[in-house]
Structures are given as structure tokens and as C-alpha cells.
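The values are calculated or read from the model by the stated rules, or taken from the named source; none is laboratory data. In this text the structure is predicted, and so the values were computed from the model without any measurement. Cβ placement follows ideal geometry from the backbone for every residue including glycine, while neighbour counts extend to all protein chains displayed. For accessibility, only protein heavy atoms count, side chains too; no ligands or nucleic acids. Shrake-Rupley method; radii C 1.70, N 1.55, O 1.52, S 1.80 Å.
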Amino acid sequence: EHTDLEVVERMVSQAIRGVAGKDSDAAAWDAIFRYFNAGRGKGNVGYQAGEKIAIKINLTTCNASSGGTNPVTYEKKRSLANNIDNSPQMTLALLRQLVHVVGIDQNDIAIGDPTAMFPSYYYDKLHPEFPRVHYLDSYGASGRTRVEFSKVPFHWSTANAAGRKQDYLPIAFAEADYLINFAILKGHSSGVTLCAKNHYGSLIRTPNGYLRPEWPLWPNKGGYPGY
């Protein structure tokens, strides 16, 4: 209620046109896609119908391992209600750009934070307008898409990873032709959280090795306390 969607949409539009140096959103997106594709050897081509986009948002405060969001009701814990996540208005503005300006089919868009729950306060602002987008979620209940391992291995650069259990990219990220790193630029215990830190949640396992229990373990234990 304290964020004006119309203002947010103008900000997002201005940012996209500013990055590309174009006078319209459509021309700006086309320039961005062409620049990206040319840099990866795909030629001077824009977005092509059927190509998939994954959007990594930051829902750290809804992490499945922390119990910040009820896995049955998807309500965020009251004590964490004001802890910062990606603004749903920003995300809605981005989806409107991708679907209505670029012309991407909703089915070709996946969005979420693989280690987190997709809370109701967020989902309820996006799903009514974009019901066919895949909303990625650690458990995949109540209309969300459960994040699963692909067969594409993820290799850590540190020598400490030698001999550890092999990690794999989530399916939605492995299949994506484009990945939008939609980070939150916020204060953090170690300084500021920027784009690289956002990718901590791009894997199903957390950096400390936590992997969610199998659904529906928590509901079978009689609900979830603290809500």
C-alpha cells in the first residue's frame, strides 16, 4: 500500500530504455536481446518465440530452511512481515514488460527463488494477471511449480568442493535461454547484497548443504507453529 505501481512502471520503463539507449520500451528490449545474443555467438537476433526466460528473485526471508513461510498456507511469518523481499510491484512491472511489450508467452517464463517459498502476499499480486507463468517454489503446492534438479551439473570453483556430492542446476534455469538476475540492492551483515549474492538461491541446495525434506513432511506433523 506504500508503493505506487504506476510510478514503479515508469521507473522500470525508464531503466530499460536507459540501458539500451532507445526511445521506446520495445526498441530497448530488442536491442538488449540482440546485444546479449551477439555476445554469445547466436548472431544479431532478438527474442525468438518459444525461447524460455527464468527470473531469479530474492526471497531470502521466505527461505524454506528457515521456516519463515508456512508451507501449507503460504503466509509469511508475522515477525518477518517487514523483512525485505523483491517488491511485488517491481516484479509485476517486469512481467508486464516481458509479456505485453516483448510478446513472450506466459508459459515460457519461470520466476522464483529455488531455495524459498513463494509467499501468498507475493503470489496473489502476480498470479491473477499472469496465471500461466511458472512460479518456482521449494515445495510446489497451491499452484506453485516445485523446483527439481536437472541433469546439468554445477561445478564449484573452490578446491573444498572436491569429493563433495555433485550439485545440479534447477530444471527451469538449465532450460532457460535467458536468465534475469533480479536482485535486491540492500544492506547486509557483511555490507550490501548485490547481484552475485542473489545467485546463492539459484540452486536447490543452500550453500550450507541444506536440502528440503520431501513434501508433505511438515503438514503431516500437524501444521506449522508460529503463524
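Of 29, 156, which has the most accessible area and how do the rest follow, probe 1.4 Å?
From most accessible down to least: 156, 29.
Could you give the angle, 0 to 90 degrees to the nearest 10, between helix 5-20's Cα long axis and the longest principal axis of the Cα atoms of the chain?
Taking the Cα atoms of the chain, the angle to 5-20 is about 60 degrees.
Determine the percent antiparallel among the DSSP beta bridges restricted to segment 53-177, to the nearest 5.
Rounded to the nearest five, the antiparallel share is 35 percent.
If you take the C-alpha gyration tensor of the chain, multiply each eigenvalue by 5 and take the square root, what semi-axes do you get, largest first, in whole Å?
They are 29, 22, 17 Å, listed largest first.
Compute the accessible area per residue over the chain, keeping the other protein chains in place, probe 1.4 Å, unit Å². Display every interim value, and only then the final one.
On the way: 12150 Å² over 227 residues.
Spelled out: the 1.4 Å probe surface of the chain, per residue, equals 54 Å².
Using 7 Å Cα-to-Cβ label points, what is the residue 168/residue 96 separation (nm, one decimal)?
Here the modelled spin labels are 3.9 nm apart.
Nearest 10 degrees is fine. How inclined is helix 25-39 to the longest principal axis of the chain, computing both from alpha carbons?
Taking the Cα atoms of the chain, the angle to 25-39 is about 80 degrees.
Just from its helices, what would the mean residue ellipticity at 222 nm be for the chain, if runs of 4 or more DSSP H residues each count -39500 (n - 2.57) and the sum is divided by every residue, rounded to the nearest 500 deg cm²/dmol?
Calculated at 222 nm, the ellipticity per residue is -7000 deg cm²/dmol.
Is there a quick way to get the dipole size of the chain? I mean about its Cα centre, with the Cβ of Lys and Arg at +1 and of Asp and Glu at -1; what is the value in debye to the nearest 20?
Here the chain has a charge dipole of around 740 debye.
Test of understanding: extend the Cα→C-beta vector of residue 84 to 7 Å, then name every residue of segment 169-205 with backbone N under 16 Å from that spot.
Label zone hits: 182-199.
Give the ranking of 77, 186 by solvent-accessible surface, highest area first, calculated with a 1.4 Å probe.
77, 186
Leaving ligands, DNA and RNA out of it, report the carbon-plus-sulfur percent of the accessible area of the chain at a 1.4 Å probe.
Whole-percent figure for carbon plus sulfur exposure: 53.
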